[in-house]
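Have a look at the structure below, then the notes.
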Amino acid sequence: MAVERGTFNDAVVEPGKWVKRYPRRDLADARRRARALRLISRLDLPFAVPEVIDDRLDLPLGEAHVVISYVPGEQAGTASDEAVREVLDALAAVEPTEELLALLDEPLRHAGGTHTAETIREHVFPLLDKDERAQAEEVLRRFAELPEAKGFVHGDLAPVNLRWHKGKVSGIIDWDFACAGDPALDAASFANYGWPLVRRVRPELYERARTHAAMFPLTGAVSALLQDSDPARFLAWFRRRCAVREHPPAS
């Protein structure tokens, strides 16, 4: 067994069997996300999604937990255009029901939701120097100018949440940030495998994806601060970009 710490939950993992997630706060949100996961796991997706096995979120905080199925597979350091396109196409094809829409997260809720920019200025800017704040303001300006776009979005398609088998994504975990938002946010996550891949697979989303990626260190830092966690790795990430004055750096 292994113990892991996520954004909202501490988890006990029994590899090959199950994952028991203990929310650290906000049981109402945990219950909403569990209900959403039940619906997401029933969607006709070409990859595995964790299924809710047991729900004891009626217990007090500290004891409350939800047990979900373990999704097997490996992490991968490279990705093919075909594999990434299959994931993004599958998400784009989802038409959420009214029931699911009511349960999905608000886009960037973990970072302030519709007040993300103000929340970043309030909590993150005091930790930045003058030049870093100026560069952060430019990132926020780009973000504010994004056109409104709505699609079914996972919200955190980082490599750690992808499971691979024989060159294809066989499973996707951690649907806590799933929302009706900009599909370019999910496209941006695949820049972990290189921006040229994103340009080839989603040329129409490429520039929007770069703006979302520019926000990642800032939203990560403010989310950590709001969760009473250490934002150091996100601030270091942002400062590396500030050093080369590219948000995000071209690959």
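Numbers below:
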read-out: Set Glu122, Glu86, Glu106: member being farther than 23 Å from Asp174 by Cα and assigned by TED's automatic domain parsing to the domain that holds Ala180; value: Glu122
read-out: Any chance Arg33 is more than 30 Å from Arg241 (Cα to Cα) and assigned to a helix (DSSP H, G or I); value: yes
read-out: Failed item in (1) farther than 27 Å from Ser41 by Cα; (2) of a type in the set (S, T, N, Q); (3) crowded, with 21+ Cβ neighbours inside 10 Å, with Ser229 passing the rest; value: (3)
read-out: Matching residues in the range 120-139 - criterion: being of a type outside the set (S, T, N, Q), in a helix (DSSP H, G or I) and in contact (Cβ under 8 Å) with a residue 60 or more places away in the chain; value: Ile120, His123, Leu127, Asp131, Glu132, Ala136, Glu138, Val139
read-out: Options Gly220, Gly181: the member that is surrounded by fewer than 22 Cβ atoms within 10 Å (Cβ to Cβ) and either in contact (Cβ under 8 Å) with a residue 12 or more places away in the chain or among the acidic types (Asp, Glu) (or both); value: Gly220
read-out: Meets criteria (in the same structural domain as Lys168 (by TED's automatic domain parsing), within 25 Å of Gly220 (Cα to Cα), touching a helix residue (DSSP H, G or I) at 6+ places or on another chain (Cβ under 7 Å) and surrounded by 12 or more Cβ atoms within 10 Å (Cβ to Cβ)) for Ala36; value: no
read-out: Long-range neighbours under 8 Å by Cβ, at least six apart or interchain, first residue touching a residue at least 12 places away in the same chain (Cβ under 8 Å) within the range 74-90, second among the hydroxyl-bearing types (Ser, Thr, Tyr) and surrounded by 12 or more Cβ atoms within 10 Å (Cβ to Cβ); value: Thr78/Tyr193; Ala79/Tyr193; Val84/Tyr193
read-out: Any chance Val169 is touching an Asp or Glu at 6+ places or on another chain (Cβ under 6 Å) and either within 21 Å of His247 (Cβ to Cβ) or crowded, with 21+ Cβ neighbours inside 10 Å (or both); value: no
read-out: Test for Leu59: is it of a type in the set (A, V, I, L, M) and surrounded by fewer than 14 Cβ atoms within 10 Å (Cβ to Cβ); value: yes
read-out: Members of the range 95-138 that are more than 30 Å from Leu45 (Cα to Cα) and touching a Ser or Thr at 6+ places or on another chain (Cβ under 8 Å); value: Thr116, Ile120
read-out: Residue check for Val222: among the hydrophobic types (A, V, I, L, M, F, W, C), modelled with pLDDT of 95 or more and in contact with a Ser or Thr (Cβ under 7 Å, 6 or more places away or on another chain); value: yes
read-out: Search result, residues across the range 116-127 that are surrounded by 13 or more Cβ atoms within 10 Å (Cβ to Cβ) and either closer than 13 Å to Pro217 by Cα or of a type outside the set (Lys, Arg) (or both); value: Thr116, Ala117, Thr119, Ile120, Glu122, His123, Val124, Phe125, Leu127
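The values are calculated or read from the model by the stated rules, or taken from the named source; none is laboratory data. It should be emphasised that the depicted structure is a prediction, and the values quoted were computed from it without experimental measurement. Note that each Cβ is placed from the backbone with ideal geometry, even for glycine, and that neighbours are counted across all protein chains shown.
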